[in-house]
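Remarks on the structure that follows.
The values are calculated or read from the model by the stated rules, or taken from the named source; none is laboratory data. For clarity, every value in this text was computed on a predicted model and none was experimentally measured. Here Cβ is always computed from backbone atoms with ideal geometry, including for glycine, and neighbour counts include all displayed protein chains.
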Amino acid sequence: MARSHIAVALSAAVVALVVIGQLVAHLGLPNVDLWRWTLEQGFHDHDHDHDHNHNHNHNHNHDHDHDHDIQQDPLISDRGPVADASQYLIGVGKADITGPVVELNLMGYANTSQVGTGLRQRLYSRAFVVGSPHDPRERIVYMVLDTQSGDTAIRNGILDGLQALGPEYAVYTKDNVAVTGTHSHSGPGAWLNYLLPQITSLGFDKQSYRAIVDGAVLSVQRAHQNAALGTVGVGSADIADANINRSLFAYLANPAAERARSSDAKAMGILTWFAVHGTSMLGNQTLITGDNKGVAAYLFEEDAAADENMAEGFVAGFSQANVGDTSPNVLGAYCEDGTNQQCRFNDSTCANGKSQDCHGRGPYFGLNDGGARSCYEMGRRQAEGARSIFDTASFTSITGSVRSFHTYVDFSNYTVQLSNGSVATTCPAAMGNSFAAGTTDGPGAFDFVQNDPGAPSNPFWNVFPKPVLLNAMRIGQLIIIVAPGEATTMSGRRWREAVHAAAKTSRMASEPIVVLGGPANTYAHYIATAEEYAIQRYEGASTLYGQHTLAAFINATLTHLPYLSDTKHGAIPPGPSPPDNRDKSISLIRGVVYDGAPFGSSFGAVKTDVDPTYHPGDTSYASIERFVDGSLTGTSEVVVSWDTLFSTRRLRPSSGSGSGRYRIRYFGDAKSVGGTISAFEGRSGEFRIL
């Protein structure tokens, strides 16, 4: 197995250790004339501005400034072909996609009572553009969004937005854009294309949808504008205790033989693949976060900002991998029914035979913080793992062509030849009843249990067939499977190994490096192995097309793999297009009628002002705005950290808070009875951190 493969081993504590693959982009050669750096000189300044958001939308996507007047594609060199095959044009970009943080259901746990009440951490889209320096047709965009998944409606909106930017962006099409989600379960919902995930959010919310789409488009625009010649290298490392297999009973149904294997020289970005669910933040907390991968990206980018060896505007993408059966709750699953016993191994139930009391526990279980400390710790472990690769790993240099393919496949009644020579057919898309039992990360609200393959079918859980987007990308010997769902640990392993073998046999690369990213583009739920499907725990029950789903996905990938080769194969058949429900989805979400300030007060009024001085560790409101050069009216530096909340609670400033003069500012909008929306601002007095 190639070293960037995500390999899983089991320790005595039954903890899965996953190898992280990292894509590192280094700026090379002094061809900065093609790097549109001027536009992005204040790359991190998007946190400084304060857009007055309507309808309680605390999304700072004010910087969607499309006022560029560039006459040529900055990713096309006019100097002719670049002789060095290891040189690519590489751009990275980041933009805010937070959206409404209050009065909207969160996406992930399918819990109708989990409605947003505030903000712990802003959400971002991080875009990575890699292409040939002389051929605009050889280009890919890999996007990492702090969302539950990629989605058909989101991807269509991004493609529409890129085309609206003009001819310069016409090179970005359905064929070379991958939209992946970090799988955070703590972001605003109501933006998905299909009915099933819309049910708990009471429909489709255009404001939530536009925040994601507009920010994602801006991240690609920024990556496009700052593109420069550079190189790509791949390294890997083990990260201990950074995930656990939450469905080990189903995993052990797989064969034992398989289970036993396991220029200025400044770096401008990293892209990592590591499998762990975005469920560190619990289903009963209501603050918006990017979960553990959002923390990992935040920590890495904070370190990079202070490192002179990193380029300004460094972007760290922590992409999801074969996440299906992984969990950040590494202490295991226990019954919270007063017994404190471990949940039953085979079906994750407690003494009463039900799953509702079975909950996974993160490393800081017991703190009444909604999982925040555990979330930070799991993000820290990923960031440190990535940093260890970045600082010490021996990177494999990536050389060769840039290719991608995209097609839609209807996997219902899909015929595939199995490894034993027999022919099998997939099922029409449907959920098994065990799906409704939920997982140890978030038990279901209904009286279902996992590992219940004989339960009678309920048509409520059946979903109609839909074409699924099949997508893969290649940068030299690096091949990226863009999975449209949550592949389990073993599914991801088999999928990668099949692609690795086929790429090597076809001489696409002598030593292919294959990674899997997702859930991306179209959310097709889970992809379990046939053995796991038979067990019918949550992952198997959520596998849409039956026990041969994985075989069908692998077959379709290998069928289209030649489109990644250097040999021209013509246009790939587009396949049957899925429905676009952006303008068809209904919404039962109640909008804001009007906002009213308390009697005798006004919006922006300070209820309790700050004390004159604080020491790190003192109880305080979170630090928001730091004064620079001693000026209240001059340039200010926005300080945003994991301890910065938009909520009614007070937190302790982190021990790393810099000394200096601070104040708190809040920007918002209020809607009058007549419907007029007016901006307001609130600010505290000055205080010092000593």
Query - Candidate set: the range 171-181, residues that are part of a loop (DSSP other than H, G, I, E, B) and among the polar types (S, T, N, Q); chosen: the one surrounded by the most Cβ atoms within 10 Å (Cβ to Cβ) - result: Asn176
Report task. Could you look through the range 106-124, keep only residues that are over 18 Å from the mean Cα position of the chain (by Cα) and of a type in the set (S, T, N, Q), and pick out the one that is surrounded by the most Cβ atoms within 10 Å (Cβ to Cβ)? Result -> Gln114
Query - Residue count for the range 93-113, restricted to those that are within 13 Å of Thr289 (Cα to Cα) and not in a strand (DSSP E or B) - result: 6
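Determine which member of the set Val515, Val499 is assigned to a strand (DSSP E or B) and not basic (Lys, Arg).
Val515
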Query raised in the report: Which of the residues that make up the range 193-224 are among the hydroxyl-bearing types (Ser, Thr, Tyr) and surrounded by fewer than 24 Cβ atoms within 10 Å (Cβ to Cβ)?
Result: Tyr194, Thr200, Tyr209
**Report entry** Set Ala227, Ala190: member being touching a Ser or Thr at 6+ places or on another chain (Cβ under 6 Å), buried (at least 24 other Cβ atoms within 10 Å of the Cβ) and in the same structural domain as Tyr376 (by TED's automatic domain parsing)
**Finding:** Ala190
Requested in this report: Find all pairs meeting these conditions: Cβ atoms under 6 angstrom apart; at least six residues apart or on different chains; first residue within the range 157-168 and under 20 Å from Asn581 (Cα atoms); second residue surrounded by 12 or more Cβ atoms within 10 Å (Cβ to Cβ) and small (Gly, Ala, Ser).
Outcome: Ile158/Ala216
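Report yes if Asn322 is in a loop (DSSP other than H, G, I, E, B) and surrounded by fewer than 16 Cβ atoms within 10 Å (Cβ to Cβ), otherwise no. First the steps, then the outcome.
Numbers: in a loop (DSSP other than H, G, I, E, B): yes; surrounded by fewer than 16 Cβ atoms within 10 Å (Cβ to Cβ): no.
The answer is no for Asn322.
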**Report entry** Matching option when the condition is of a type outside the set (Val, Ile, Thr) and in contact with a strand residue (DSSP E or B) (Cβ under 9 Å, 6 or more places away or on another chain), among Ala534, Ala520, Ala571
**Finding:** Ala520
Requested in this report: Would you check which residues across the range 182-215 are polar (S, T, N, Q), under 21 Å from Ala524 (Cβ atoms) and not in a helix (DSSP H, G or I) and list them?
Outcome: Thr182, Ser184, Asn193, Thr200, Ser201
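I'd like to check something: does the range 79-89 contain any residue that is outside any loop (DSSP other than H, G, I, E, B), β-branched (Val, Ile, Thr) and assigned by TED's automatic domain parsing to the domain that holds Asp205? Don't jump to the end; show me each part of the working.
At the first step, the residues of the range 79-89 found to be outside any loop (DSSP other than H, G, I, E, B) are 88-89.
Narrowing the set further to residues that are β-branched (Val, Ile, Thr) leaves none.
No.
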Report task. Kindly establish whether Ala605 is modelled with pLDDT of 80 or more, part of a loop (DSSP other than H, G, I, E, B) and farther than 30 Å from Ser659 by Cβ. Result -> no
**Report entry** Number of the exception - Pro576 against (1) out of contact with any Phe, Trp or Tyr (no Cβ under 7 Å at 6 or more places or on another chain); (2) assigned to a loop (DSSP other than H, G, I, E, B)
**Finding:** (1)
Report task. Considering each residue of the range 343-401, count those that are aromatic (Phe, Trp, Tyr) and assigned to a loop (DSSP other than H, G, I, E, B), and give that number. Result -> 4
Report task. Mind listing whichever residues of the range 412-430 are in contact with a helix residue (DSSP H, G or I) (Cβ under 6 Å, 6 or more places away or on another chain) and in a strand (DSSP E or B)? Result -> Val416
Report task. Tell me, yes or no, whether the range 286-299 has at least one residue that is in contact with a strand residue (DSSP E or B) (Cβ under 7 Å, 6 or more places away or on another chain), small (Gly, Ala, Ser) and assigned to a loop (DSSP other than H, G, I, E, B). Result -> yes
**Report entry** Test for Gly269: is it buried (at least 23 other Cβ atoms within 10 Å of the Cβ) and either at pLDDT 90 or above or under 18 Å from Thr147 (Cβ atoms) (or both)
**Finding:** no
Requested in this report: Taking the residues in the range 150-170 that are touching a helix residue (DSSP H, G or I) at 6+ places or on another chain (Cβ under 9 Å) and part of a loop (DSSP other than H, G, I, E, B) as candidates, determine which candidate is surrounded by the fewest Cβ atoms within 10 Å (Cβ to Cβ).
Outcome: Ala170
Report task. Among residues belonging to the range 361-371 that are at negative phi and at pLDDT below 90, point out the one that is nearest to the chain's Cα centre (by Cα). Result -> Asp369
